[in-house]
Protein chains: 4
Amino acid sequence: MDYVYGPGKNHLFVPGPVNIPEPSGTGAWESALTNTLSPGDRTVSFLIGQFSLLWIDQQQRLNFNVDVVESEWGQGANLDILAEKLAADHSHTIKAICIVHNETATGVTNNLATVRKLLDHYRHPALLLVDGVSSICALDFRMDEWGVDVALTGSQKALSLPTGLGIVCASPKALEASKSAKSVRVFFDWNDYLKFYKLGTFWPYTPSIQLLYGLRAALDLIFEEGLDNVIARHTRMGKATRLAVEAWGLKNCTQKEEWYSDTVTAVLVPPYIDSAEIVKRAWKRYNMSLGLGLNKVAGKVFRIGHLGNLNELQLLGCLAGVEMILKDVGYPVKLGSGVAAACAYLQNNIPMIPSRI
Amino acid sequence: MDYVYGPGKNHLFVPGPVNIPEPSGTGAWESALTNTLSPGDRTVSFLIGQFSLLWIDQQQRLNFNVDVVESEWGQGANLDILAEKLAADHSHTIKAICIVHNETATGVTNNLATVRKLLDHYRHPALLLVDGVSSICALDFRMDEWGVDVALTGSQKALSLPTGLGIVCASPKALEASKSAKSVRVFFDWNDYLKFYKLGTFWPYTPSIQLLYGLRAALDLIFEEGLDNVIARHTRMGKATRLAVEAWGLKNCTQKEEWYSDTVTAVLVPPYIDSAEIVKRAWKRYNMSLGLGLNKVAGKVFRIGHLGNLNELQLLGCLAGVEMILKDVGYPVKLGSGVAAACAYLQNNIPMIPSRI
Amino acid sequence: MDYVYGPGKNHLFVPGPVNIPEPSGTGAWESALTNTLSPGDRTVSFLIGQFSLLWIDQQQRLNFNVDVVESEWGQGANLDILAEKLAADHSHTIKAICIVHNETATGVTNNLATVRKLLDHYRHPALLLVDGVSSICALDFRMDEWGVDVALTGSQKALSLPTGLGIVCASPKALEASKSAKSVRVFFDWNDYLKFYKLGTFWPYTPSIQLLYGLRAALDLIFEEGLDNVIARHTRMGKATRLAVEAWGLKNCTQKEEWYSDTVTAVLVPPYIDSAEIVKRAWKRYNMSLGLGLNKVAGKVFRIGHLGNLNELQLLGCLAGVEMILKDVGYPVKLGSGVAAACAYLQNNIPMIPSRI
Amino acid sequence: MDYVYGPGKNHLFVPGPVNIPEPSGTGAWESALTNTLSPGDRTVSFLIGQFSLLWIDQQQRLNFNVDVVESEWGQGANLDILAEKLAADHSHTIKAICIVHNETATGVTNNLATVRKLLDHYRHPALLLVDGVSSICALDFRMDEWGVDVALTGSQKALSLPTGLGIVCASPKALEASKSAKSVRVFFDWNDYLKFYKLGTFWPYTPSIQLLYGLRAALDLIFEEGLDNVIARHTRMGKATRLAVEAWGLKNCTQKEEWYSDTVTAVLVPPYIDSAEIVKRAWKRYNMSLGLGLNKVAGKVFRIGHLGNLNELQLLGCLAGVEMILKDVGYPVKLGSGVAAACAYLQNNIPMIPSRI
């Protein structure tokens, strides 16, 4: 690629390359699985919400032998059962642990450090495949320290880019596994990427250049703010949202503090309210997009996403809007109560903007 | 999607959907094949250049039984051999004909109408799968009249959009075939799309909304110009380019007029010149991007793409540049000769711009 | 201009026009004055804040005989004195009434209908020149009904465009006056515009085409929302802001309800607080831009602008931010109080978005 | 201004500044004149084409005593007469020399170095006011070496920005003159700018921030290419254009080589052709914008602009188009002749692009 300026327009008379791969999200899942595993391989997967459910569905359709560990929606991955399974698996039939770092449907963050500890404790060689779609670049994520073998995310989440880019990061161990993995794959085959990478032309098919430039810019913004500051900002916004929910007298779908997500909060509504009505009103009257409750929690929760290129005052406008909507649908909220609770916390915790001090 | 204006910013507090499929080019090939065929199925595929070669490679890696019909590079698909194969295939072992409408590596356009005639003549039920990547919206393409079962293209060619979108169009017969096709597929599975289409939410994963808006705009531009006018414009530019090549005393890689492509021209250089040197000089000195010769024709041809949002004066600037480069590399071209030949034709054939008459 | 699509790039080989006039704001003032008046002409001008002050300064520097009617800052134009002056001016020495519709420094909206009534009552032929910079397209403004002779605004206010465009609208009476006005003017001379308008080429110098396209788009958005709805939205936001100010226990700089502005609210702070500190903190800590107090009210007021492409939840985020800042600087605000007051009003008054019902 | 990134959206709740001055071209002329001269002051101005004519018209309307030195259109400023006037002006009645560096209507570049030499030779204190609209950043221009007192240009020429910005550069001597200049001015008054510059807030009214960012980017591009390379590129394109004109058998409107402009070429057509017809056809059939002949040379010349962000192949496409148009209108041009002449020169003179070597 040519980043350096030449005067006038470039005269583009190439016939154009034919193909462009944009594996992303679902595609990134498939890329992670088919490059490291063979049909029939046993995976341990945690079902804790709609997105982990969809990934499990994919694993089954790709003919893996999926050992599903289910939790009540609102709870995190059941790592006690993982411990048991690892302890019992002397012959190492488990080839991979598949886990969603942050389950977007319920606002649950799983503890990856513990997963690693268990694998180490039982000296188990299973690969650790992590969906970091709604966590990476927003929550603390440590590929090396936690021994993650494949981490994946998409452009449209914490990176705040348009949709279209899936990012898959593989450990040396995962790359080694790809040499013997027998799953059929062409579009997602890492070998094609590695081959062209070595050739110095980098891409087996035309990449989405505009998104690559976008990724460069997105990372520059993150580095300019400082990744630690980005994570701290998400921590503040998660905390502020939970304080507002509490002030409204509502419950968090996430059942324990250890699983609270700082990128999304799923709010439980009383039985006499349909949470879909809240989302609909937000859209139709207040020009606000909230997340629906999905599948098992449909009608029961609405979700407030608070990730990406977002700041505190934007969140407070959202919380004020939610208060009006709650009143609209008949919930006896005290107007201003959630905003006040969030403000009381934020007012003491928002740092000065370094470049403006 | 909401096209209608609401004042102020939309308050986006969704957790964001997780996944985005952007099958495109290579992905679109895989989508067409895995949704309509089962492992072991026999396909007849024509090898006439680098892109048909890559598609054949994919078919083999996906475990189809590929019956390769090879032509010399510079020739079109050998339809006589297709006729023989169809005539001999009484038991209908051929499940699909896979053909690239316009082979971008050699500037060869295949005759799809004849393919359909042969299938009809032999009453053969094989599916007709067409790569229209460098033809659709630039060359005459008739899905219904030619009985094409799957047609595919990408956003980054005649539609003149950024890369990232693969467009796959299936006939009712192809949809029917997808019900029994046993190839493993998840990311590319049409069923997921059809399911959400019926639900009215349209997408199984988050689509690349910016490219869908772009597609809407690109189609508006094409309809505003008129699809017939778009095709006529490509016809003019193909013809003008070939007249220039002839005036330079060089040969077209495409061996017969019936196969001439109006979207790309591959120009043969004399043996004492390395065509890669031409492409390199174009880039390094004239800020012009030409296409390299690929694989069997590497070093032997350079390619002039003339498709998409392009007009005659842009092409003439390119041709003038090629003349200088030919001189740079030692070919005894008469400066102005190709431009003059192209101009003599264009001057009598460019129509007035309707909106400006 | 050519709005219709031609394929490829336009080949721009004009030498380029030399000059581009972008009279705007200050320039629009000068345009209004120099085209309708002669040096020494008597104008009646109302000094009620910083922007009316600047306009008066311009009138004096342009050598008009300015009869200044001053009010305390926070009050509207003193129309009783205008009545007296008109009553006494039997010989019609007053050539123009210069009035700012909405004084942005103090959040005061003047009553133009009354100005017109007085002029009619006294059958006075003075021109009515109106600065509508922070009112037109946000507040109710009636050029014809109120007999405004010159109305002016800029692109960067309620039109929500980038800066750069001044818009000046003249009545037939103003155009007639321009024929005998003796003020020296070239760049701003209406005659040059009228001459080219009649020729059908419209502009005496190259206009800022990008802003003209932007203006077309901005007006489309306003018409799509409906001008009445736009005005109603500003009314809601003005009212909501004032309710919040009241709930905070603070005073509006504007002394009477009849002058309340729905596009900007100037908030008085207690004497022990420097309002500039509030604006500084908003910027440095909360990434929010508030307006400073200017000149006579420097340090005493901060200003909340609520005009243009803005909606209620954005405003509530701002109000929540102001509450935190007030607390930061030592004012004993009850967090959530202003937001609650605003929400209580808004929750009953925000209409459904028509396109989403 | 704040160039540093803060996460999320800035919360813009300022009332908005009221005024934006964008003096440009005509406005920049007025700025240069009214800030340095008083009504009745004698200026020496050279009338050599439409744009110098318009400036002279402005000078007269602003009540200066304009001593017009007229040349035949196609010739440069008559500096012999300037010498005579300076020699005779013992009492220094001449307050300013007003000269257009590059007259865009005729493609004539005046020799500013000689103007300076004459002023120095006669030890004459007149100010040197230069319109550099179609020269600065494209032709060699030396503010200090040539002792230019006011230089002006616009954003929409060699800077390749959108219209809207006038740039006026004043020498210390010009600033000194502004202290005693008695021309009435408000919008253009340098004092307001200097006052706010000293205050550190820089602008008396809201500037067009988007164009200031654009200017920063435009200058970065120029510095990246290197100003010398930019000028050399314009020299090549001017020369190439003139060689084509000669090959077509047509005459340059510019009568002597010393006045040839490297930013615009005015081409004389034979008497039996209306040059406006050429411009019209270029637009209606070839989607190309050429410049009309203006005023005295209307119908007699068409103009090819070759300045700004433009390269050689774009120019060659233009020249090929002109050849077709000349044939369209009945001029017996040999197709390819002009392109060939330009190519023969360019092929030996275009340097490698440094970043791509």
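Within the stretch A:161-172, the set of residues being free of Cβ contacts under 8 Å to residues at least 40 places away in the same chain and part of a strand (DSSP E or B) comprises just one member, A:Cys169. Consider the stretch C:173-198 and keep the residues that are part of a helix (DSSP H, G or I), free of Cβ contacts under 8 Å to residues at least 40 places away in the same chain and open to solvent by less than 80 Å² (accessible area, probe 1.4 Å). The one that is farthest from C:Thr34 (Cα to Cα) is C:Phe196.
If a residue has to be surrounded by fewer than 23 Cβ atoms within 10 Å (Cβ to Cβ) and touching a strand residue (DSSP E or B) at 6+ places or on another chain (Cβ under 8 Å) to count, how many in the stretch B:138-153 make the cut?
At the first step, the residues of the stretch B:138-153 found to be surrounded by fewer than 23 Cβ atoms within 10 Å (Cβ to Cβ) are B:139-147.
From what is left, the residues that are touching a strand residue (DSSP E or B) at 6+ places or on another chain (Cβ under 8 Å) are B:139, B:141, B:143, B:146-147.
Of the residues in the stretch B:138-153, 5 are surrounded by fewer than 23 Cβ atoms within 10 Å (Cβ to Cβ) and touching a strand residue (DSSP E or B) at 6+ places or on another chain (Cβ under 8 Å).
Whether any residue in the stretch C:215-235 is over 30 Å from D:Thr163 (Cβ atoms), of a type in the set (S, T, N, Q) and over 17 Å from the mean Cα position of the chain (by Cα) is what I want to check. If you could, list the steps in order and put the result at the bottom.
So in the stretch C:215-235, the residues over 30 Å from D:Thr163 (Cβ atoms) come out as C:226, C:228-229, C:231-235.
After this cut, where a residue has to be of a type in the set (S, T, N, Q) as well, the list is C:229, C:235.
From what's left, over 17 Å from the mean Cα position of the chain (by Cα): C:229.
Yes, the stretch C:215-235 has at least one match.
Kindly evaluate D:Leu112 against the criterion of being open to solvent by less than 30 Å² (accessible area, probe 1.4 Å), over 21 Å from D:Glu258 (Cα atoms) and more than 14 Å from chain C (Cβ to nearest Cβ).
no
Among the residues examined, C:Pro15 qualifies as at pLDDT below 95, more than 15 Å from the chain's Cα centre (by Cα) and not in a strand (DSSP E or B).
Checking every residue in the stretch A:191-211 against the condition of being out of contact with any strand residue (DSSP E or B) (no Cβ under 7 Å at 6 or more places or on another chain), more than 14 Å from chain B (Cβ to nearest Cβ) and under 30 Å from A:Ile231 (Cα atoms) gives zero matches.
Taking the listed residues C:Ala320, C:Ala341, the one that is open to solvent by 10 Å² or more (accessible area, probe 1.4 Å) and of a type outside the set (Lys, Arg) is C:Ala341, with no other qualifying. Of the residues making up the stretch D:199-209, those that are part of a loop (DSSP other than H, G, I, E, B) and closer than 26 Å to D:Ile222 by Cα are D:Phe202, D:Trp203, D:Pro207, D:Ser208. Mind checking which pairs have a first residue in the stretch B:299-320 that is closer than 15 Å to B:Ala247 by Cβ and a second that is open to solvent by 10 Å² or more (accessible area, probe 1.4 Å), Cβ under 6 Å, 6 or more apart or different chains? Taking only residues 6 or more apart or on different chains, the pairs are B:Cys318/A:His11.
Could you list, in sequence order, the residues of the stretch C:323-338 that are surrounded by fewer than 20 Cβ atoms within 10 Å (Cβ to Cβ) and on the phi > 0 side of the Ramachandran plot? If the condition is that a residue be surrounded by fewer than 20 Cβ atoms within 10 Å (Cβ to Cβ) and on the phi > 0 side of the Ramachandran plot, then C:Gly330 is the only one that fits. Of the helices (runs of 4 or more DSSP H) lying entirely inside the stretch B:268-357, the ones with 2 or more residues being more than 14 Å from chain D (Cβ to nearest Cβ) are found at B:275-286.
Considering A:His121, A:His101, A:His90, which residue is of a type outside the set (D, E, K, R) and farther than 21 Å from A:Trp146 by Cβ?
Details: A:His121 fails: farther than 21 Å from A:Trp146 by Cβ; A:His101 fails: farther than 21 Å from A:Trp146 by Cβ.
Only one candidate qualifies: A:His90.
Just checking, does the stretch D:73-84 include any residue being of a type in the set (Val, Ile, Thr) and closer than 30 Å to C:Arg185 by Cβ? Let's see the steps before the verdict.
Initial filter on the stretch D:73-84 (of a type in the set (Val, Ile, Thr)): D:81.
Restricting the remaining residues to those that are closer than 30 Å to C:Arg185 by Cβ gives none.
No, the conditions are met nowhere in the stretch D:73-84.
Test each condition in (1) more than 30 Å from D:Ser38 (Cβ to Cβ); (2) at pLDDT below 95 for C:Tyr205 and report the one that comes out false. Unmet for C:Tyr205, out of (1) more than 30 Å from D:Ser38 (Cβ to Cβ); (2) at pLDDT below 95: (1).
Give the residues of the stretch A:123-155 that are in contact (Cβ under 8 Å) with a residue 60 or more places away in the chain, within 14 Å of chain B (Cβ to nearest Cβ) and either assigned to a loop (DSSP other than H, G, I, E, B) or of a type in the set (Phe, Trp, Tyr) (or both), sorted by residue number. Outline the logic, then answer.
Our first condition is that a residue be in contact (Cβ under 8 Å) with a residue 60 or more places away in the chain; within the stretch A:123-155, this holds for A:126-127, A:129, A:131, A:133-135, A:137-140, A:149-150, A:152-155.
Adding the requirement that they be within 14 Å of chain B (Cβ to nearest Cβ) leaves A:131, A:133-135, A:137-139, A:152-155.
Across the stretch A:123-155, the qualifying residues are A:Val133, A:Ser134, A:Ser135, A:Cys137, A:Ala138, A:Ser155.
Evaluate the stretch A:272-284: report whether one residue or more is farther than 29 Å from B:Tyr205 by Cα, of a type outside the set (Val, Ile, Thr) and either at pLDDT 95 or above or surrounded by fewer than 24 Cβ atoms within 10 Å (Cβ to Cβ) (or both). Within the stretch A:272-284, one or more residues are farther than 29 Å from B:Tyr205 by Cα, of a type outside the set (Val, Ile, Thr) and either at pLDDT 95 or above or surrounded by fewer than 24 Cβ atoms within 10 Å (Cβ to Cβ) (or both).
Residue check: B:Thr265 meets all listed conditions (1) of a type in the set (Ser, Thr, Tyr); (2) away from chain D (no Cβ under 14 Å); (3) in a helix (DSSP H, G or I) but one, namely (3).
Give B:Ala170, B:Ala88, B:Ala105 a once-over and let me know the one that is under 26 Å from B:Leu292 (Cα atoms) and of a type in the set (A, V, I, L, M, F, W, C).
The unique qualifying residue is B:Ala105.
The values are calculated or read from the model by the stated rules, or taken from the named source; none is laboratory data. Since this is a predicted model, take the numbers as computed values, not measurements. Methodologically, a virtual Cβ is constructed for each residue, glycine included, from the backbone with ideal geometry; neighbour enumeration extends over all protein chains shown. The protein model used for the area step is the full one, side chains on, heavy atoms only, and it has no ligands, DNA or RNA in it. Shrake-Rupley method; radii C 1.70, N 1.55, O 1.52, S 1.80 Å.
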